[in-house]
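Have a look at the structure below, then the notes.
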There are 2 protein chains.
Amino acid sequence: MKSFRYPQSCPVARAAEVIGERWTLLIIRELALGPQRFSDLRERLSGVSSSVLTARINGLLEKGLITREQLDPPAASTVYRLSDSGQALVPVLLGLVRWGARYFSSPHPGDHFEPDWLRLGLLAYSRREATPAHTYAIRIQTPGKPLPVRVAGGRGGTTVTLDDGPAELTITLEPSVLMGLVTGAIHPSEALAGGKLSAEGRVEILEKLPELFDLNADST
Amino acid sequence: MKSFRYPQSCPVARAAEVIGERWTLLIIRELALGPQRFSDLRERLSGVSSSVLTARINGLLEKGLITREQLDPPAASTVYRLSDSGQALVPVLLGLVRWGARYFSSPHPGDHFEPDWLRLGLLAYSRREATPAHTYAIRIQTPGKPLPVRVAGGRGGTTVTLDDGPAELTITLEPSVLMGLVTGAIHPSEALAGGKLSAEGRVEILEKLPELFDLNADST
DNA sequence: CGGAATCCTCTTCGATACTG
DNA sequence: CAGTATCGAAGAGGATTCCG
C-alpha cells in the first residue's frame, strides 16, 4: 500500500502524488457530485476493475480526502464522501473543467457520458459574485437521462443543485451546446434558430442565464 | 506514442489524461516559471530518466501544451515554453499549490528543493484585485540559492517577477515561514521575535505584505 | 452489494550506453 | 547539450474468483 512519491519539497509534487494516479481524479469528480457507493463508482468510471478501484479508494481514505460512511438501515449501505480536504480540491476540479472544456468540441464516438457530469460544467462557470436572487427549475435533456436542476442566484453567487420538482423550463440540446450557452459562446436565439436547442416552458429564462454564468476569468 | 485515454466524454477526463501522467504536472510547473532547456528540466525533476522526460515532452508537444524553440546563436540552444494552452493551465497549477500547501508543514528530509518554486507560492496567494501601486525588491534567502524578486501592486493585482537588481529588503527564513507570512498565518513581528525570520533593510515592507497577498478565497 | 485475493500480462521505469 | 537505443526489473492493470 505504499504509493509513489516525488522526492521534492513542493506543494505541486504533493498534489501530483494524489491526483496523478490513474482514475483518482475521476473518483474525486464523482464524489464532488455527491456521495456514492462502491458499485455506483465502478459503473460511472467506465469499467475500472474492482481491484484498482479498491486500491484507489483505500489510498484516498489513507490520505484523508474521502471518508467511508455506513448508511442507517433500511438503506443499509456503504457510501464514500469527500472530506474537507477532498472538498478543498473542488475548486481545482472546476478549474480543470474550464481547461478541459477546450476538448469538448471534438467528442469521441462511443464514449461514456453521464448527464450528471454537466452539473460540474454549470458549476465551473457559475458566477461567484452576488447574482440576482431568482431561482429557475430547469430540466436538461441531453442524450441520456434527463438532468433536473435548480439554478439559483443569490448574494453568494450562483448555485446549481439537483431538483426533482416540476420544471419551469425544459431544454433539449447537446452537451456542447449547453456549455456554449453557459459560457456565452452561443446565444440562445441562435441555437433555437439553428435547431441546436429546443425549449419548452418559460423560454425567457434562457435570456437570464448570462446573469448567472460567466467565463469566470481565470486571470493568470 | 499512444497515450492513455479514459473512454469518457467529460472535460475532467481530458484534463486527467494530460496532467495524470507521471512527471507531467511537474514539467508544467517548471515551464510555468519560465522557458527551460532539456537538461535544466532533467535536473530540476530530481532525476527523471532522459527517456521518460523525452516521452513526456513529446507528449506535451503533441497535445500542444508546450512549444520547442531554437534560441539564436550565440546562445544556441533548445528551450521549451508553455503554449497558450499550457499557460491556461497555470491557474489550475496555482490552485494545486494552495491545496498542496497543507502538506508544507510536514517536510520530508532529503527532498530536493528549489527556491525558485517559492515563486509559485507567492503567485498562488497574490491578490487579483487592484492593489496599492508599490514595488518592493526583496531578496529571499532560504536554504539554497537566494531568490531575488520584485513584488509589485497595481490595478491588475499583485505581480511577482525575478529581479536581479539591488534589494531593498533581505529576509532569511524557512520556506514554510515564507508561506505563513504570505497567507497571513504568521505575523512578521512574531516570526522576528521567534527567530524564525531575520530581516535586513527596509523592514517595514514586511508590514505591507498583507496588502499584496491573500488567502485568495477559493470559494467552493 | 462490497470488496479482498490471485494470477497473469502488458507497460513502464530507471540505468546505462551511445550519438549528432 | 539534446536527446535515442536497449534491456532487465518492477509495477500496474484486467479478468476472474470467492467470501461475508
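The values are calculated or read from the model by the stated rules, or taken from the named source; none is laboratory data. Keep in mind the model is a prediction, meaning the values are calculated, not measured. Here the Cβ is made from the backbone with ideal geometry for all residues, glycine too, and neighbour counts use every protein chain on show. With ligands, DNA and RNA removed, areas are computed over all heavy atoms of the protein, side chains included. Shrake-Rupley method; radii C 1.70, N 1.55, O 1.52, S 1.80 Å.
Tabulated results
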read-out	value
Some residue of the stretch B:4-14 being over 23 Å from the mean Cα position of the chain (by Cα), open to solvent by 60 Å² or more (accessible area, probe 1.4 Å) and modelled with pLDDT under 95	yes
Filter result for residue A:22 (part of a loop (DSSP other than H, G, I, E, B), open to solvent by 20 Å² or more (accessible area, probe 1.4 Å), among the basic types (Lys, Arg) and free of Cβ contacts under 8 Å to residues at least 40 places away in the same chain)	yes
Output for the stretch B:26-53, where each listed residue is more than 19 Å from the chain's Cα centre (by Cα) and either away from DNA strand D (no atom under 13 Å from the Cβ) or of a type in the set (Asp, Glu) (or both)	B:47
Some residue of the stretch B:167-185 being among the β-branched types (Val, Ile, Thr), without any contact (Cβ under 8 Å) to a residue 60 or more places away in the chain and under 25 Å from residue B:32 (Cβ atoms)	yes
Checking residue A:78 against (1) touching a helix residue (DSSP H, G or I) at 6+ places or on another chain (Cβ under 7 Å); (2) over 23 Å from residue A:124 (Cα atoms); (3) not in a strand (DSSP E or B), the condition it does not meet	(3)
Failed criterion for residue B:123 (all others in (1) more than 27 Å from residue B:189 (Cβ to Cβ); (2) open to solvent by 20 Å² or more (accessible area, probe 1.4 Å) hold)	(1)
Residue A:195 away from chain B (no Cβ under 11 Å) and assigned to a loop (DSSP other than H, G, I, E, B)	yes
Close pairs from the stretch A:49-65: first more than 8 Å from DNA strand C (Cβ to nearest atom), partner among the aromatic types (Phe, Trp, Tyr) and open to solvent by less than 50 Å² (accessible area, probe 1.4 Å), Cβ under 6 Å, at least 6 apart	A:56/A:23
Single unsatisfied condition, residue B:115 versus (1) within 9 Å of another protein chain (Cβ to nearest Cβ); (2) within 16 Å of the chain's Cα centre (by Cα)	(1)
Subset of the stretch B:5-26 (residues that are more than 7 Å from chain A (Cβ to nearest Cβ) and within 12 Å of DNA strand C (Cβ to nearest atom))	B:5, B:17, B:21, B:23, B:24
Condition met for residue A:93 (within 14 Å of chain B (Cβ to nearest Cβ), crowded, with 20+ Cβ neighbours inside 10 Å and more than 22 Å from residue A:186 (Cβ to Cβ))	yes
